[in-house]
Amino acid sequence: MKVKRWITVCALAAAMAMNAGAEKKGNIVMDGSTTVGPIAKAFAEYYMGKYPGVNISVSESGSGNGAKSIINGTADIGNMSCAMKDSELEAAKSKGVKVMEHIVAMDGIAIVVHPGNPVAALTVEQLRKIYTGEIGNWSQLGGPNKPVVVISRDTNSGTYETFETLVMHSERMTDKTEYVGSNGAIRQRVMTTDGAIGYVGLAFTHGLKVVDIDGVTPTPESVLDKSYPIGRPLYMYTNGEPAEGTVLAEFLGLYKTSDGKKIIEEQGFIPMP
Amino acid sequence: MNADVPGNRPQHGLQLSKRARRLRRLGSLAGQGFLLLITSLSSLAVLFIFIFIAKDAIPFFTLRGFAEFFTSTRWYPSSQPPEFGVLSIFFGSGIVTLGAIIVSVPLGISAAVCLSDVLPFHLRQMVKPVIEMLAAIPSVAYGFFALVVLAPMMQEKGGSVLAVLAWCIGAPAAVLVVLVLSEVLSGGMPVRFRGAGRYGVGAALLGLAGWGLWRASAFLNAIVIPSGTNALNASVILGIMALPTVVSVSEDALQAAGRDLRMASYALGATRAETILRVVIPAAISGITSAVILGIMRAIGETMVVWMASGNAAQIPTPWFDFLQPVRTLTATIAGDMGEADHVTGSARYHVLFAMALCLLAFSFACNLASEMVVRRTKRRAG
């Protein structure tokens with residue numbers, strides 16, 4: 001009944017024997033954030049497809065566990081959607097773990113409304129008030145006299161987690177919030193609903209009106225230079241810089257390669273330049 | 001040669017040796033045992049489902065107690081600190097099911113009466129399979145229709161959709177009521193006026209009903225629906241999904257009332273309406289009740305449609321009967337929150353889903369028991 005997702009591929013002994021010389025072998029364990037999870041899993045699939053002798057397992061149990069697994073040495077890579085806290089860094093130091101931080105991609109969330117909605121810009125403050133229910137009508141924001149239909153991703157999704165962290169802080173969404181199960185479903189609902197507002201990954205805005213936040217349009221560039229407020233780096237942590245030439249070093253370096261960047265884009269994130 | 005003649009078989013059997021007879025008895029015992037095993041497997045499955053759901057539900061109540069779960073309307077399972085108030089979700093399941101009953105029961109029972117007592121035989125042979133086909137459509141297809149067709153339609157046309165819906169449900173119901181009422185009212189008139197009286201009363205009532213419906217649709221036409229995924233959308237779709245169950249079970253019950261009963265009623269001088277209302281339906285009432293209960297169970301257990309069509313907002317609308325607000329149901333919450341509700345990291349969050357499942361299971365169990373009791377009581381009364 002574990003809901004943890006494990007990806008494990010064991011290479012066949014025969015295959016290994018056949019090209020034993022060129023074949024890389026190794027074992028990589030990753031644990032941590034559900035937001036970074038899709039990238040980690042796509043990387044693992046790609047890398048294991050390339051080198052069947054390598055065995056990579058990815059589990060998603062939250063950023064906090066990513067930090068813990070690095071501190072306790074239970075994982076080779078700790079995936080995190082926020083930087084390690086001071087307390088975590090101190091705990092690592094006391095255990096003799098040399099924490100190395102790698103920013104693998106940026107995660108940006110676009111705020112979308114119905115194409116016919118005249119409201120073109122919001123502040124993070126206004127956005128929060130919309131989602132807490134304090135602002136309930138578009139006329140309060142200079143729009144038409146229409147009730148705001150607040151649409152959110154379900155509470156399981158990494159996008160929800162990001163939005164909750166960067167926009168809601170610790171405030172609760174209004175109980176009128178409608179929840180849907182995917183980026184595509186948000187698009188469908190916002191596209192057909194006059195008063196709707198929703199949030200999606202940057203790759204899913206086609207056919208919708210994207211709202212500027214704090215005067216900045218969400219683009220890969222504005223997310224990368226951090227001028228767009230609803231974006232954040234995604235981290236992979238290791239214990240010390242992995243030695244040159246090892247499987248771990250090559251795997252971790254994937255995000256810098258063109259294939260790796262393509263994979264990151266496919267998952268709806270922004271690769272590092 | 002003789003052994004091949006069927007008539008000789010028993011004789012042949014009588015001559016079986018002791019050993020062969022024992023073998024045969026053993027074989028039949030093994031067969032019976034096998035069948036018993038298969039039958040008990042399905043009942044064991046129910047038992048095991050109950051045990052395993054309860055096993056995972058109890059930790060939630062030991063962690064958080066009962067009060068919050070049943071009395072709070074605040075559902076924030078992923079926030080810090082989390083809140084697990086399920087009252088509004090119970091309410092959501094309830095109101096969506098109520099809506100489905102309002103849609104499916106009048107339509108379903110009238111359709112069943114029409115099929116069993118009104119339509120000619122060859123028409124019935126065509127209509128019934130069509131209604132039963134509704135049951136064969138996968139629920140995700142209904143959900144997709146609700147999300148992509150019905151929801152935008154409600155938002156754009158809003159009130160006019162409601163008006164059309166009101167006509168769809170109201171017009172057949174009104175015609176039925178008018179037909180019955182005119183017959184019942186004219187029954188008290190002197191015989192020579194009865195024919196004309198029936199038509200007069202009928203026309204007057206029909207006019208009244210039409211005027212009422214027209215006023216209602218004018219009122220509904222003015223309503224604007226901000227969000228198309230709401231309790232009404234889910235109710236309508238669930239009602240349609242429950243329809244085949246209600247129709248076929250109650251039609252079977254009406255059929256089972258028997259030809260003798262109808263003939264006896266006609267022989268006493270009753271009209272067709274009187275026969276249906278006072279004889280056939282009362283005779284079949286236990287079957288109709290279980291049809292309604294089965295329909296309720298179909299509606300409350302449905303997941304995909306409500307996840308897509310109800311909006312999933314964990315609130316009790318104000319006023320509570322506002323069907324145009326989004327609501328959240330138990331089934332949709334279980335399906336939607338299962339994904340990452342890891343029992344390692346968020347134990348209460350994981351177990352709360354099982355607590356909800358246990359409530360659902362208990363409810364269906366109670367429904368089943370109720371329908372069983374209704375059937376048994378009427379049987380005893382009739383017997």
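Nothing in this text is a laboratory measurement; each read-out follows from the coordinates by a stated rule. On a predicted model such as this, the values are computed, not experimentally measured, just so you know. Here the Cβ is made from the backbone with ideal geometry for all residues, glycine too, and neighbour counts use every protein chain on show.
Spatial offset of region B:117-144 relative to region B:168-203 amounts to 30 Å, using the alpha carbon center of each. For an R0 of 22 angstrom, estimate the FRET efficiency from the Cβ-Cβ distance between A:THR165 and A:VAL210 and round to the nearest 0.05. So, using R0 = 22 Å, E works out to roughly 0.60. Enclosing the Cα atoms of chain B in their convex hull gives a volume equal to 257 cubic angstrom per residue. Which is farthest toward the positive dipole end of the protein assembly as shown among A:LEU89, B:ALA141, A:GLY62, measuring Cα position about the Cα centre, with Cβ charges +1 (Lys, Arg) and -1 (Asp, Glu)? About the Cα centre, the residue reaching furthest to the positive side is B:ALA141.
From least to most packed, judged by other beta carbons within 10 angstrom and beginning with the fewest, A:TYR199, A:TYR160 follow the order A:TYR160, A:TYR199. Is any residue of region A:63-88 close enough, with backbone N under 18 Å, to a label point placed 7 angstrom from the Cα of B:LEU63 along the Cα-Cβ axis, and if so, which? Only A:63-65 pass the distance filter. At each listed q (0.07, 0.10, 0.11 Å⁻¹), what is the log10 of I(q)/I(0) that the Debye formula gives for the protein assembly as shown modelled as equal alpha-carbon point scatterers? Computed log10 I(q)/I(0) values: -0.65, -1.04, -1.16.
Region A:105-163 and region B:356-376 have their alpha-carbon centroids 42 Å apart.
Taking label points 7 Å from Cα along the Cα-to-Cβ direction, B:ALA366 and B:ILE49 give a separation of 1.8 nm. The calculated FRET efficiency for B:TRP320 paired with A:ASP86, based on their beta-carbon distance and R0 = 30 Å, is about 0.05.
What does a probe at A:GLU101 reach in region A:234-273, counting residues whose amide N is under 14 Å from the point 7 Å along Cα→Cβ? Label zone hits: A:234-238. With kT/(6 pi eta Rh) evaluated at 4 °C and eta = 1.567 mPa s, and Rh the Kirkwood radius from Cα pairs, region B:160-223 diffuses with a coefficient of 103 µm²/s according to Stokes-Einstein. Taking 0.36 nm per residue of sequence separation and removing the Cα-Cα distance, the B:ARG194/B:LEU119 pair yields an extension gain of 24.5 nm. Simple point charges give the picture: +1 on the Cβ of Lys and Arg, -1 on the Cβ of Asp and Glu, and for region A:107-231 a dipole about the Cα centre of about 340 debye.
Relative to the longest principal axis of the Cα atoms of chain A, the long axis of helix A:183-192 makes an angle of roughly 20 degrees. Placing unit charges on the Cβ atoms only, positive for Lys and Arg and negative for Asp and Glu, gives chain A a dipole magnitude near 440 debye about its Cα centre. Considering all C-alpha pairs of region A:107-231, those separated by over 26 Å amount to 9%.
Inter-label distance, A:GLU241 to B:ALA348: 4.5 nm, where each label sits 7 Å from its Cα along the C-beta direction. Taking other residues whose beta carbon is less than 15 angstrom from the beta carbon of B:GLY188, and scoring Lys, Arg as +1 and Asp, Glu as -1, yields +1. Computed extension length for B:TYR76-B:VAL175: 30.8 nm, one decimal, from 0.36 nm per residue of separation with the Cα-Cα distance subtracted. Extending 7 Å from the Cα toward the beta-carbon at both A:SER94 and B:ARG22 defines two label points whose distance is 7.8 nm. Averaging the Cα positions of each part gives two centres, and for region A:241-273 and region B:34-75 these lie 45 Å apart. Using C-alpha pairs under 8 Å with a sequence gap of at least 6, the mean separation divided by the residue count of chain A gives a relative contact order of 24 percent.
In terms of other Cβ atoms within 10 Å, A:TRP138, B:TRP307 run from fewest to most in the order A:TRP138, B:TRP307. Taking a Cβ cut-off of under 11 Å around B:ALA273, the surrounding Lys, Arg, Asp and Glu residues balance to a net charge of 0, with basic ones at +1 and acidic ones at -1. With R₀ fixed at 51 Å, the C-beta to C-beta distance from B:VAL149 to B:ARG259 puts the FRET efficiency at about 0.70.
Full extension of the chain between B:THR271 and B:ALA141 yields a length gain of 42.5 nm, computed as 0.36 nm times the residue separation minus the alpha carbon distance. Note on chain A: percent of Cα-Cα distances in each 10 Å bin, starting at 0 and stopping at the bin with the largest distance, equals 7, 27, 30, 20, 11, 4, 1, 0. Summing Lys and Arg as +1 and Asp and Glu as -1 over all other residues whose Cβ lies under 14 Å from the Cβ of B:VAL224 gives a net charge of -1. Over the residues of chain B, the helix contribution to mean residue ellipticity at 222 nm works out to -24500 deg cm²/dmol, using -39500 (n - 2.57) for each DSSP H run of at least 4. Put in line by how crowded their Cβ is, counting other Cβ atoms within 10 Å and starting with the fewest, A:HIS102, B:HIS351 read A:HIS102, B:HIS351.
Which pairs break 22 Å Cα to Cα here: A:LYS98/A:LYS262; A:LYS41/A:LYS262; A:LYS129/B:LYS157; A:LYS24/A:LYS93; A:LYS25/A:LYS50? Pairs exceeding 22 Å: A:LYS98/A:LYS262; A:LYS129/B:LYS157; A:LYS24/A:LYS93.
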